[in-house]
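Just below is one structure, and these are the notes that go with it.
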Amino acid sequence: MSGAVRRVVIVLGDQLDRASSVFEGFDVARDVVVMAEAAAASTQPLSSKARTVFFLTAMRHFAMALREEGVRVEYTDLGASGAGSLAEVLGQRAKRLGGEEVRVVEPGCWHLKRALAEALEGTAFEGFDEDRHFFCSRERFERHCAGRRQLRMEFFYREMRREHGVLMDGKGPEGGEWNYDAENRASFGREGPGFLPRVVRFPADAVTRAVVCDVERYLPQLPGSAAEFDFPVTREEALVALEDFVEQRLADFGRWQDAMWVGEEVLYHARLSAAMNVKLLAPREVVARVERAYREGRAPLAATEGFIRQVLGWREYVRGVYWRHMPEYLDGNALEANAPLPEFFWTGETDMACLRDAIGQTLRTGYAHHIQRLMVTGLYALLHGVNPREVHEWYLAVYVDAVEWVEIPNVIGMSQYADGGVMASKPYAATGKYLKRMSNACSGCRYDPEVEQGERACPFTKAYWEFLERNRERLAGNQRMSMQLRNLARRGVKGS
Ligand code: FAD
Ligand code: SF4
């Protein structure tokens with residue numbers, strides 16, 4: 001390629017989507033793609049080794065695929081990025097290239113969006129392209145919110161089902177109900193999960209191994225490990241992972257959605273969030289594939305609906321909440337929680353068996369399923385009054401699938417109730433007895449979930465009552481907390 005550059009296309013690490021609008025009308029003879037790895041993007045905010053490796057290797061694979069098509073890719077790797085922020089590195093590249101237009105899809109992070117817009121001042125950049133990856137545009141979400149005093153995911157989800165014709169039977173929901181959650185809450189019981197399907201893994205190839213070396217060399221201080229890294233990092237691998245889920249685990253997804261078992265990481269979950277969040281998979285194709293499996297009689301309705309609710313419902317909904325409420329959302333601390341995050345969140349070294357398992361797995365693999373995140377690590381932080389900002393920084397750092405638009409509403413809102421009820425109608429507060437019911441961790445723990453005082457008192461059970469006591473007044477007006485607060489009051493009477 002020679003001569004003046006026409007279009008400069010900036011591709012961020014979570015925008016690995018060949019179908020995005022910035023590639024429409026792309027001319028390999030005159031257009032250039034700019035991508036960059038910046039060490040600062042892994043330290044501020046912090047990112048674990050596994051998460052950093054995931055983003056960088058997925059980016060390098062994407063750049064390689066573009067080059068195979070003849071696309072000119074100007075790629076800055078970790079060793080060459082210097083001390084600049086990601087926005088600065090990209091801005092400098094774009095300025096050097098010139099170009100008649102500079103195109104970028106809207107970043108999934110409020111702060112990066114602002115920094116990048118600033119860094120591109122003085123170039124031909126005229127505003128971000130809309131992110132078409134999602135079912136629901138930001139403007140569509142605002143229309144959903146108009147005139148509503150309170151947002152609830154369930155109503156949004158129904159609108160999305162109708163609008164996109166997903167799992168519908170004429171004008172009504174398939175099977176007559178919108179929600180089959182009541183069928184989706186089983187635990188494994190004493191017998192345990194029994195035979196579990198093997199999850200397809202993608203051992204590190206040469207590109208990933210080179211990234212691991214770079215991360216060890218330039219960012220040795222990052223937490224966690226990339227030794228077991230095996231996530232899908234190309235579109236082809238992501239499609240294999242989707243098929244593997246649909247064929248092996250979808251049928252049982254719903255039933256065991258909330259169940260946990262020590263040492264079993266994935267159970268019947270999809271393990272597709274990372275691939276979806278960097279846009280190697282589109283939610284539309286994931287939902288369509290899952291619905292097809294149901295229509296072909298390969299998965300029951302409750303499992304299919306349960307899964308589709310996560311992707312078409314929750315995933316789209318949290319993105320809407322993020323953009324609607326940022327940047328103030330990040331400062332939310334409705335329960336005035338100010339305790340520091342315990343050190344064991346970074347090591348997994350604790351005698352609480354449930355936390356040891358969930359955190360250990362997280363630091364080793366960069367993955368934990370929803371109930372581990374919400375009802376083990378999240379619940380502990382909520383009950384112990386850990387500062388929500390610190391909790392957010394931990395979640396953003398340790399999970400391979402962590403990107404702000406999805407992580408922040410789940411942590412600040414759903415798990416820590418720091419938004420005062422925007423995401424969840426009440427705090428997800430429970431005693432250790434919940435964990436005893438849903439997992440086998442308690443049977444290997446030095447604490448007892450039934451015990452509230454003394455040496456064997458379960459730190460969840462003990463802290464549950466302290467949490468209610470501490471927040472009694474703040475939660476008094478919440479109808480959905482009334483039973484829990486009545487139980488607290490009864491204890492007071494008994495104890496007096
Ligand atoms: P499955 O359980 O198989 O679910 C299927 C898909 O549904 C997921 O891949 C995901 O795309 C979507 N999904 C499910 N639940 C949610 C949800 N609550 N919000 C948005 N999408 C959802 N998800 C992330 O992608 N990135 C995060 O950083 C993240 N942080 C979280 C932090 C906390 C405290 C909690 C409670 C949840 C968080 N989630 C996050 C949501 C959810 O836990 C993960 O999407 C899920 O565990 C990923 O594993 P999976 O692909 O096996 O999901
Ligand atoms: Fe966790 Fe308490 Fe059960 Fe121990 S007894 S595993 S701390 S819930």
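When only Cα pairs below 8 angstrom with a gap of at least 6 residues are kept, the chain shows a relative contact order of 16 percent. Heavy-atom accessible area, probed at 1.4 angstrom with all protein chains present, ranks Glu336, Glu316, Glu174 as Glu336, Glu174, Glu316, highest first. Remark: segment 344-490 carries 37 Å² of accessible area per residue (probe radius 1.4 Å; ligands, DNA and RNA excluded). Beyond 37 Å, the tail of the calculated P(r) for the chain holds 29 percent of the Cα pairs. Checking the a/c ratio against 1.5 first, then a/b against b/c, what shape does the Cα gyration tensor give for segment 367-441? In terms of gyration-tensor shape, oblate.
Each Lys or Arg adds one and each Asp or Glu subtracts one; over the other residues with Cβ under 14 Å from the Cβ of Pro340, this totals -2. Charge dipole (Cα centre; +1 on Lys/Arg Cβ, -1 on Asp/Glu Cβ; no other charges) of segment 238-364 amounts to roughly 640 debye. Around Glu296, under 15 Å between beta carbons, what's the net of Lys plus Arg minus Asp minus Glu among the other residues? That sum, taken over residues with Cβ under 15 Å, equals 0. In this structure Arg67 has an accessible area near 120 Å², from a 1.4 Å probe over the protein heavy atoms. For segment 344-490, the relative contact order works out to 19 percent when only alpha carbon pairs closer than 8 Å and six or more residues apart are counted. A Förster radius of 35 Å, combined with the Cβ-Cβ distance separating Leu46 from Arg18, puts the computed FRET efficiency at roughly 0.70.
Against the main long axis of the alpha-carbon atoms of the chain, helix 49-68 sits at an angle near 30°. Summary of the geometry: segment 157-211 and segment 97-135, compared by the centres of their Cα atoms, lie 33 Å apart. Using a probe of 1.4 Å on the protein chains alone, the accessible area found for Phe134 is around 10 Å². Taking 2.2 N^0.38 Å as the expected size of a compact globular protein, what ratio does the Cα radius of gyration of segment 301-417 give against it, to two decimals? Cα Rg divided by the expected 2.2 N^0.38 Å: 1.07.
Heavy-atom accessible area for Trp178, with the other protein chains in place and a 1.4 Å probe, reaches approximately 30 Å².
Quick one: net charge around Arg198, please, counting Lys, Arg +1 and Asp, Glu -1 for every other residue with C-beta under 13 Å from its C-beta. Net charge in that neighbourhood comes out at -2. Hull volume per residue, based on the alpha-carbon atoms of segment 336-405 and their convex hull, is 83 Å³. Element breakdown for the chain at a 1.4 angstrom probe: carbon and sulfur atoms account for 49% of the accessible area.
Is the shape of segment 66-194 best called rounded, prolate or oblate, per the rule: a/c under 1.5 gives rounded, else a/b larger than b/c gives prolate, else oblate, with a ≥ b ≥ c the square roots of the Cα gyration tensor eigenvalues? Prolate is the answer for segment 66-194, as a/c is 1.5 or above and a/b outweighs b/c. Loop-located GluC sites (Glu not before Pro) across segment 118-157 with a Cβ neighbour count of 14 or fewer within 10 Å are Glu121, Glu126, Glu130, with loop assigned by DSSP. Inter-part distance, segment 1-46 to segment 68-89, computed on C-alpha centroids, equals 9 Å. Take every Cα pair under 8 Å whose residues are at least 6 apart in sequence, average their separation, divide by the length of segment 404-496, and the relative contact order is 17 percent. Counting only DSSP beta bridges whose two residues both lie in segment 7-119, roughly 10 percent are antiparallel. Of interest is the spacing of the C-alpha centroids, which for segment 418-496 and segment 255-295 amounts to 30 Å.
Shape call for segment 343-470 from the C-alpha gyration tensor, a ≥ b ≥ c root eigenvalues: rounded (a/c under 1.5), prolate (a/b greater than b/c) or oblate? It comes out oblate by the Cα gyration axes.
When DSSP assigns beta bridges and you keep just the ones with both residues in the chain, what percent turn out antiparallel, to the nearest 5?
Values: 3 of 19 bridges.
Within the chain, antiparallel bridges account for around 15 percent of the total.
Axis angle, to the nearest 10 degrees, between helix 110-119 and the longest C-alpha principal axis of the chain: 20 degrees. Using the Cβ-Cβ distance between Arg480 and His111 with R0 = 25 Å, the FRET efficiency computed as 1/(1 + (r/R0)^6) comes to roughly 0.15.
The values are calculated or read from the model by the stated rules, or taken from the named source; none is laboratory data. Since the model is a prediction, treat every value here as computed from it, not as a measurement. Methodologically, a virtual Cβ is constructed for each residue, glycine included, from the backbone with ideal geometry; neighbour enumeration extends over all protein chains shown. SASA here: full protein model, heavy atoms, side chains in, ligands and nucleic acids out. Shrake-Rupley method; radii C 1.70, N 1.55, O 1.52, S 1.80 Å.
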